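Worksheet for the structure shown next.
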Amino acid sequence: MDKVLKTILFYKKDNNWYADIEKYTEAENIMVGEACDILDALSKEVCTSDNPCLLLSVINSYEPSSYLASKRRSHNGYGATYDVINCRNNNFKEFWLCNVVHSVFKDHPKELSIVAISSCSNTKYHDIY
C-alpha cells in the first residue's frame with residue numbers, strides 16, 4: 001500500500017473530542033476512550049485554549065520517530081483497535097477508531113502514525129484531508 005498523509009482537524013467541545021470529517025454528524029465524529037486521552041495529551045503540547053483544536057498529520061505507515069505510532073490489532077464491522085507502539089512522553093497502550101476512518105483512508109490502515117501536530121483556531125474546517 002502506498003503511504004498516504006492526511007491532515008485531520010480535531011476539536012474539543014463540552015469535554016469531548018470530535019474529528020471534523022464531512023458527511024458525518026458530530027455524534028458520529030465523537031472520539032472515545034483512550035483516543036480522547038491521546039488527544040488531550042497532544043493538545044497540552046501545542047494549545048493554550050480551554051477549547052483546544054488540533055491539526056494532526058497522520059500517515060498510514062509505521063514511523064518510529066513520530067508523536068505516536070501504532071499497529072492495528074483487530075478489526076470488525078464497527079471499527080478497529082490499535083496497539084500503540086510508541087508515543088512521545090506518554091504510556092498509552094491502545095485506542096479504538098470507528099469506521100469514519102474509511103472516509104479518510106478508505107479502510108482501517110494496518111499502521112497509523114501521527115507525524116505532526118499543530119494548534120488551530122476553534123473553527124471547523126471541512127475537507128482539510
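The values are calculated or read from the model by the stated rules, or taken from the named source; none is laboratory data. Since we're looking at a predicted model, the values are computed, not measured. Methodologically, a virtual Cβ is constructed for each residue, glycine included, from the backbone with ideal geometry; neighbour enumeration extends over all protein chains shown.
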For this session: Determine if the range 31-43 includes at least one residue that is part of a loop (DSSP other than H, G, I, E, B), of a type in the set (Val, Ile, Thr) and within 12 Å of the chain's Cα centre (by Cα).
Result: yes
For this session: Within the range 52-86, track down each residue that is in a strand (DSSP E or B), within 18 Å of LYS110 (Cβ to Cβ), in contact (Cβ under 8 Å) with a residue 12 or more places away in the chain and not β-branched (Val, Ile, Thr).
Result: LEU68, ALA69, SER70, LYS71, ARG72, ARG73, HIS75, GLY79, ALA80, TYR82, ASP83, ASN86
Exercise. When the range 87-113 is examined, which residues are found to be among the β-branched types (Val, Ile, Thr) and without any contact (Cβ under 8 Å) to a residue 24 or more places away in the chain?
Worked result: VAL101
For this session: Please determine, by comparing only the residues of the range 15-29 that are at pLDDT 90 or above and acidic (Asp, Glu), which one is nearest to VAL100 (Cα to Cα).
Result: GLU28
Problem set entry | Options CYS47, CYS98: the member that is at pLDDT below 90, surrounded by 17 or more Cβ atoms within 10 Å (Cβ to Cβ) and of a type in the set (A, V, I, L, M, F, W, C) | CYS47
For this session: Could you tell me which residue of the range 97-114 is farthest from TRP17 (Cα to Cα), considering only residues that are aliphatic (A, V, I, L, M) and in contact with a His (Cβ under 7 Å, 6 or more places away or on another chain)?
Result: VAL101
Exercise. Given VAL58, VAL32, which one is touching a strand residue (DSSP E or B) at 6+ places or on another chain (Cβ under 7 Å), exposed (fewer than 14 other Cβ atoms within 10 Å of the Cβ) and at pLDDT 90 or above?
Worked result: VAL32
For this session: Inspect the range 8-21 for any residue being farther than 16 Å from LEU112 by Cβ, under 11 Å from the mean Cα position of the chain (by Cα), outside any strand (DSSP E or B) and not small (Gly, Ala, Ser) and give the result as yes or no.
Result: yes
